[in-house]
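S.K.: Mind having a look at this structure? Questions to follow.
The values are calculated or read from the model by the stated rules, or taken from the named source; none is laboratory data. Model, not experiment: these values are computed from the prediction. With ideal geometry, Cβ positions are generated from the backbone for all residues, glycine too; neighbour counts draw on all protein chains shown.
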Amino acid sequence: MTTTRSALAVRDDVQEIRTVVENWALWRDAGDWDRFTTVWHTHGRMSATWFQGTAAEFIEASARAWAAGVRILHFLGGTTVEVADDRAIAQTKMTITQRAPVHGVPADVVCTGRFYDFFEREDGQWRIVRRQPIYEIDRLTPVDPAARIDLDQDVLARFPEGYRHLAYVQLHAGFQVKNGLPGLTGTALEDLYQDGAAWLAGGVGSS
């Protein structure tokens, strides 16, 4: 049953959720895996270009990649939050940056988009049940401005415009990359929005 909560209580919820979003990025990028575990719901799931699975599996995969020298970093922008009782949807502007050699040339790939997070209160704490990044636009730049990288245009064309360069770098690094993830527009994005509306209404947010 839906209850009416005070504006102050909702404001506090929004602030707590924003803190969880910020902690996710800081603790994950610092390799602080023990604290990173605390941002996730018991049934948490993560979907990204290179990974789809449970939060526990994501933490393990991230720790292995970190130990192997893979650096995927995150920078956050503004956040908007919709709260419905013990559930919420948060959207946060972000960039993903990964540095890796591409055809022998050190390069940075930067992808701009949003984190779309399904939240639920568990044991009195707001935690992430599902995280789905939205990939809006990306670019690939050699670390040395004088360097040149000749990319395989057929490989680039296999992936959506929003993350094709990120996919290229991750494929080159040995990851399996999922196609058809949400971008700036399109069916995948509309499906995600529908999942979010269903989640706030008390239904299941498909993953």
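S.K.: Pull up segment 139-179, narrow it to residues that are in a loop (DSSP other than H, G, I, E, B), touching a residue at least 60 places away in the same chain (Cβ under 8 Å) and closer than 19 Å to His74 by Cα, then point me to the one that is nearest to the chain's Cα centre (by Cα). Lay out the reasoning, then the answer.
M.R.: Here is the first cut: in segment 139-179, the residues in a loop (DSSP other than H, G, I, E, B) are 143-152, 157-163, 173-179.
Remaining after also requiring touching a residue at least 60 places away in the same chain (Cβ under 8 Å): 163, 173, 175-178.
Applying the additional criterion that residues be closer than 19 Å to His74 by Cα yields 163, 173, 175, 177.
Values: Tyr163: 12, Ala173: 19, Phe175: 16, Val177: 14 Å.
My answer is Tyr163.
S.K.: With the requirement that a residue be exposed (fewer than 13 other Cβ atoms within 10 Å of the Cβ), free of Cβ contacts under 8 Å to residues at least 40 places away in the same chain and assigned to a loop (DSSP other than H, G, I, E, B), what does segment 180-205 give you?
M.R.: Gly180, Thr185, Gly203, Val204
S.K.: Hey, can you tell me all the residues within segment 13-45 that are under 18 Å from Phe75 (Cα atoms) and either surrounded by 17 or more Cβ atoms within 10 Å (Cβ to Cβ) or in contact with a Ser or Thr (Cβ under 7 Å, 6 or more places away or on another chain) (or both)?
M.R.: Ile17, Arg18, Val20, Val21, Trp24, Ala25, Trp27, Arg28, Asp29, Phe36, Val39, listed by residue number.
S.K.: Cβ-Cβ distance below 6 Å, separation of 6 or more or different chains: which pairs start in segment 33-54 with a residue that is within 30 Å of Pro160 (Cα to Cα) and end on one that is among the hydroxyl-bearing types (Ser, Thr, Tyr) and in a strand (DSSP E or B)?
M.R.: From segment 33-54, the pairs are Arg45/Thr54.
S.K.: Only residues that are modelled with pLDDT of 95 or more and not in a strand (DSSP E or B): list them for segment 73-102, please.
M.R.: Listed by number, the list holds a single entry, Asp86.
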